[in-house]
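Each remark here refers to the structure printed beneath this line.
The values are calculated or read from the model by the stated rules, or taken from the named source; none is laboratory data. Values in this document were obtained by computation on a predicted structure and should not be read as measured data. Reconstructed Cβ throughout: ideal geometry from the backbone, glycine too, with neighbour counts over all protein chains shown. When the accessible area is computed, the model is the full protein with side chains, heavy atoms only, and any ligands, DNA or RNA have been set aside. Shrake-Rupley method; radii C 1.70, N 1.55, O 1.52, S 1.80 Å.
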Protein chains: 2
Amino acid sequence: MINTADPSGIRDGEVVAPLPLRGDAELVFIGRVRTPFEQREDCPRQGRDDGQSCWLEVDEPWRVGLTGLEAGMRVQVLYWMHLARRDLVLQNPDFRGDLHGTFSIRSPVRPNPIAVSLTTVRGVDLAAGILHVGGLDCVDGTPLLDIKRDRCFGT
Amino acid sequence: MINTADPSGIRDGEVVAPLPLRGDAELVFIGRVRTPFEQREDCPRQGRDDGQSCWLEVDEPWRVGLTGLEAGMRVQVLYWMHLARRDLVLQNPDFRGDLHGTFSIRSPVRPNPIAVSLTTVRGVDLAAGILHVGGLDCVDGTPLLDIKRDRCFGT
């Protein structure tokens, strides 16, 4: 059953798509994102590498997958925006009446609310499964999906 | 039930993690990626913006979500690497014995096999739900998860 969290209302002109009752594939949460932001209203619009420290907690049995990551490396972090509704195809994100197709913006509201953020590793504690990183944009406790070393291997 | 596709064998030194029997969240496939590559062996290691033409087919009811995308814009494309096994935490991708933590590389083999590729829009057919893009790296028919306009809004 697809979770359509977020009871928030629809804004002017927004278009809702019917979500299927069942999904097509299943995700595994491998840990969580720890940030200073307790609620959505506290989150910045976008993470900043020089922002407040955040960290990723990776659960067993995935911790050994952090092997090879070191401070200074750039990584993409994928996480699940679990508080976002998933059924809007046209959105009015700034309340001003400008409608945007969901795929032309980066709003967390999308059929698969997967966030992709680029950040720099500040430190690794392999035994504890902790990756210290730069500032991210999500609420504390957001489910973690993946970490990928960035293609641009320079710092 | 988590699909552990790919019956391929384990290479020297690789470490397998037990996957949970049930996932934590469900994905919706919004369409598919069309490429010239019929099998995994045909795929390049990485997409190239000047590579062979690929396109994204977006199904109803998500097509209107393409509104606002235009040729020349940079987008991130997220797709589900459905042929990849999901349970390796240490990998030996080049068969030479160097073991890499899954999160320190970009192999499709990962607990959540979500690929993130950056490409340039070459054309849009909104009514047909088609987005023409640069070269991608996956097999024809790979399930499409998301399209996000890239943060760097310059071409």
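Take B:Gly9 and tell me if it is in a loop (DSSP other than H, G, I, E, B), more than 7 Å from chain A (Cβ to nearest Cβ) and modelled with pLDDT of 90 or more.
Spelling it out, it is not the case that B:Gly9 is in a loop (DSSP other than H, G, I, E, B), more than 7 Å from chain A (Cβ to nearest Cβ) and modelled with pLDDT of 90 or more.
Going by the structure shown, is B:Gly68 open to solvent by 10 Å² or more (accessible area, probe 1.4 Å), assigned to a loop (DSSP other than H, G, I, E, B), out of contact with any Asp or Glu (no Cβ under 9 Å at 6 or more places or on another chain) and at the interface with another protein chain (Cβ under 7 Å from one of its Cβ atoms)?
Values: open to solvent by 10 Å² or more (accessible area, probe 1.4 Å): yes; assigned to a loop (DSSP other than H, G, I, E, B): yes; out of contact with any Asp or Glu (no Cβ under 9 Å at 6 or more places or on another chain): yes; at the interface with another protein chain (Cβ under 7 Å from one of its Cβ atoms): yes.
Against the criterion (open to solvent by 10 Å² or more (accessible area, probe 1.4 Å), assigned to a loop (DSSP other than H, G, I, E, B), out of contact with any Asp or Glu (no Cβ under 9 Å at 6 or more places or on another chain) and at the interface with another protein chain (Cβ under 7 Å from one of its Cβ atoms)), B:Gly68 qualifies.
Residues of segment B:84-103 being over 22 Å from A:Asn112 (Cβ atoms), in contact with an Asp or Glu (Cβ under 9 Å, 6 or more places away or on another chain) and open to solvent by less than 50 Å² (accessible area, probe 1.4 Å), which ones?
Those that are over 22 Å from A:Asn112 (Cβ atoms), in contact with an Asp or Glu (Cβ under 9 Å, 6 or more places away or on another chain) and open to solvent by less than 50 Å² (accessible area, probe 1.4 Å): B:Leu88, B:Val89, B:Leu90, B:Gln91, B:Asn92, B:Gly97.
Surrounded by 13 or more Cβ atoms within 10 Å (Cβ to Cβ) and either within 26 Å of A:Asn92 (Cβ to Cβ) or among the basic types (Lys, Arg) (or both): does that describe B:Met73? Outline the logic, then answer.
Numbers: surrounded by 13 or more Cβ atoms within 10 Å (Cβ to Cβ): yes; either within 26 Å of A:Asn92 (Cβ to Cβ) or among the basic types (Lys, Arg) (or both): yes.
When the stated conditions are applied, B:Met73 passes them.
Can you tell me how many residues within segment A:98-146 are of a type outside the set (S, T, N, Q) and in a loop (DSSP other than H, G, I, E, B)?
21
For A:Val133, are the conditions met, namely being facing another protein chain (nearest Cβ under 10 Å), of a type in the set (Val, Ile, Thr) and buried (at least 21 other Cβ atoms within 10 Å of the Cβ)? Reasoning before the result, please.
Values: facing another protein chain (nearest Cβ under 10 Å): no; of a type in the set (Val, Ile, Thr): yes; buried (at least 21 other Cβ atoms within 10 Å of the Cβ): yes.
Criteria not met by A:Val133.
When you scan segment B:72-81, do you find a residue that is touching a residue at least 12 places away in the same chain (Cβ under 8 Å), more than 10 Å from every other protein chain (Cβ to nearest Cβ) and assigned to a loop (DSSP other than H, G, I, E, B), even just one?
Step one: filter segment B:72-81 for residues touching a residue at least 12 places away in the same chain (Cβ under 8 Å), giving B:72-81.
The next check asks that each one be more than 10 Å from every other protein chain (Cβ to nearest Cβ); those that pass are B:72, B:74, B:79, B:81.
In the following step, the residues that additionally are assigned to a loop (DSSP other than H, G, I, E, B) were identified as B:72, B:81.
Yes: one or more hits.
Might you check whether a residue that is crowded, with 21+ Cβ neighbours inside 10 Å, within 11 Å of chain A (Cβ to nearest Cβ) and of a type in the set (A, V, I, L, M) occurs anywhere in segment B:53-64?
yes
Considering only segment B:106-119, state which residues are at pLDDT 95 or above and facing chain A (nearest Cβ under 8 Å).
B:Arg110, B:Pro111, B:Asn112, B:Ile114, B:Val116
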